[in-house]
Amino acid sequence: MAKFTRKEIEATSKKENVRFLRLMFTDILGVIKNVEVPISQLEKVLDNEMMFDGSSIEGFVRIEESDMYLRPDLDTWLIFPWETNEGSGKVARLICDVYNPDGTPFAGDPRSNLKRALKEMTAFGFTDFNLGPEPEFFLFKLDERNEPTLELNDDGGYFDLAPTDLGENCRRDIVLQLEDLGFEIEASHHEVAPGQHEIDWKYASALEACDNIQTFKLIVKTVARKHGLHATFMPKPLYGVNGSGMHFNLSLFTKDGNAFYDKDGDMELSDTARHFLAGILDHAKAFTAIVNPTVNSYKRLVPGYEAPVYIAWSGRNRSPLIRVPQSRGMSTRVELRSVDPSANPYLAMAVLLKAGLDGIKNEMKAPEPINRNIYAMSEKDRHENGIYDLPGTLHDALKYLAEDSTIKNGLGEHIYENFANAKRIEWAAFREQVTEWERDQYLKMY
């Protein structure tokens, strides 16, 4: 059942005095793009006739193939809770899929690629792949030129309240605006590091959940600006404190309900859940390049800061890559703890689905859960228990990705080639940099 019809959108835009329309889509690197048009172009937009230059977007097409079309998903119609200027009308948005001039979905569009993966899922008898994300972010002060600084506006810690948590008012405004847009907020709190925050909302099916993540990022950054702050989803902006993660709570459903739940199974987990979990563990090294896609991502994935480093699972402790929360029934899920908020959510969900389905298809056997603190285990002890490390750098992760046909298939050839090429360039540029740490260590010594 569609949320919105064409007639409803046309009527609402007039009633709410919508003056501009943002046509939003996401590039391969996960960056939100948009084409803004006056509301007078609404009919053209709804007729799927809006064209843009795809050659200017990272990883899309060459200049001689530049004409692309934006096809709006009417279910994503949303009016932002702010006006262009005081009294001058509102701004609405539609999230779009990217199409070729011949009317076929563009292979480089992350959202269309996720749709492709979800279509393959139905062949296994599943109806929904659900995601409940837990994104974290930092708030930094802006300077007099409205440029971000590294100055925090609080020194709070986990679950702290004002006056220690001076970001509380900003976070509260973010929550209010998200609720106005239809988000069902489940939790909002200060995180472990000073200046770090987390807002969680109710799970949704994969495509809607990814749309929500992109909307969330836009709202967070917009509201933060109004408070004189810069919100960043950079995984590790500060040395010596926790980085920002975006845990993914994943579950598969059939027409009969949650496919991960079996009241008679060990830990009340179904065979499907265990096969899915085994597939995730088996492909973890390869999909790390997608769920941790920046050089900076690997500054977070180190021991001592709560982020996972080791490929294992548990129902009790939080040191492994995957945790199975205690909730059962409709809430039975696996929580992947390595994902960070720089990840393109559409690509992340596509490859995680591929990994899990590979485990189900091949009836992979999940290893025994690790209920000890892995950080306290020796390397020999870990290896004897079949526990190995996640890739330590983006360079290493790209090598594992290149060797994994299942994960590459989850991206499709176009996205894989363009993503891998962009990330190799990123790694090469990073390798050439000389950092302050190196000068501090070596300038006088040598």
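The values are calculated or read from the model by the stated rules, or taken from the named source; none is laboratory data. Because the structure is a prediction, the values reported are computed rather than measured. Every residue, glycine as well, gets a Cβ built from its backbone with ideal geometry; the counts of neighbours run over all protein chains shown. The protein model used for the area step is the full one, side chains on, heavy atoms only, and it has no ligands, DNA or RNA in it. Shrake-Rupley method; radii C 1.70, N 1.55, O 1.52, S 1.80 Å.
Given the criterion of a type outside the set (Gly, Ala, Ser), modelled with pLDDT of 95 or more and more than 27 Å from Val291 (Cα to Cα), identify the matching residue among Leu78, Leu74. Give the steps one after another, and end with the answer.
Working: Leu78 fails: modelled with pLDDT of 95 or more.
On inspection, the qualifying residue turns out to be Leu74.
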Run down Ser270, Ser297, Ser314, Ser338 and say which single residue is open to solvent by less than 30 Å² (accessible area, probe 1.4 Å) and more than 30 Å from Gly125 (Cα to Cα).
Ser297
Among residues belonging to segment 349-364 that are under 15 Å from His283 (Cβ atoms) and surrounded by fewer than 17 Cβ atoms within 10 Å (Cβ to Cβ), point out the one that is farthest from the chain's Cα centre (by Cα).
Asn362
Would you check if there is a residue in segment 417-436 being open to solvent by less than 50 Å² (accessible area, probe 1.4 Å), of a type in the set (Lys, Arg) and under 22 Å from Ala307 (Cβ atoms)?
yes
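Working carefully through the options Tyr375, Tyr346, Tyr388, find the one that is of a type in the set (Phe, Trp, Tyr) and either without any contact (Cβ under 8 Å) to a residue 12 or more places away in the chain or buried (at least 24 other Cβ atoms within 10 Å of the Cβ) (or both). Let's see the steps before the verdict.
Values: Tyr375 fails: either without any contact (Cβ under 8 Å) to a residue 12 or more places away in the chain or buried (at least 24 other Cβ atoms within 10 Å of the Cβ) (or both); Tyr388 fails: either without any contact (Cβ under 8 Å) to a residue 12 or more places away in the chain or buried (at least 24 other Cβ atoms within 10 Å of the Cβ) (or both).
Matching residue, one of Tyr375, Tyr346, Tyr388: Tyr346.
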Check off (1) of a type in the set (D, E, K, R); (2) in a strand (DSSP E or B); (3) over 21 Å from Asp211 (Cα atoms) for Arg22 and give me the number that stays unchecked.
(3)
So, first residue more than 18 Å from Pro81 (Cα to Cα) in segment 219-231, second residue surrounded by 15 or more Cβ atoms within 10 Å (Cβ to Cβ) and among the aromatic types (Phe, Trp, Tyr), Cβ within less than 9 Å, six or more apart or across chains; the pairs are Leu229/Phe140; His230/Phe138; His230/Phe140; Ala231/Phe137; Ala231/Phe138; Ala231/Phe140
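Hey, does segment 343-358 have a residue that's aliphatic (A, V, I, L, M), under 14 Å from Leu277 (Cβ atoms) and at pLDDT below 95?
Looking only at segment 343-358, we keep the residues that are aliphatic (A, V, I, L, M), and these are 343, 347-353, 355, 357.
Now drop any that are not under 14 Å from Leu277 (Cβ atoms), which leaves 352-353, 355, 357.
Those left that are additionally at pLDDT below 95: none.
There is no residue in segment 343-358 that is aliphatic (A, V, I, L, M), under 14 Å from Leu277 (Cβ atoms) and at pLDDT below 95.
Looking only at segment 88-123, how many residues end up being touching a residue at least 60 places away in the same chain (Cβ under 8 Å) and at negative phi? Write out each step before concluding.
Let us first name the residues in segment 88-123 that are touching a residue at least 60 places away in the same chain (Cβ under 8 Å), namely 88-98, 107-111, 113-118, 120-121.
Subset that is at negative phi: 88, 90-98, 107-111, 113-118, 120-121.
The total comes to 23.
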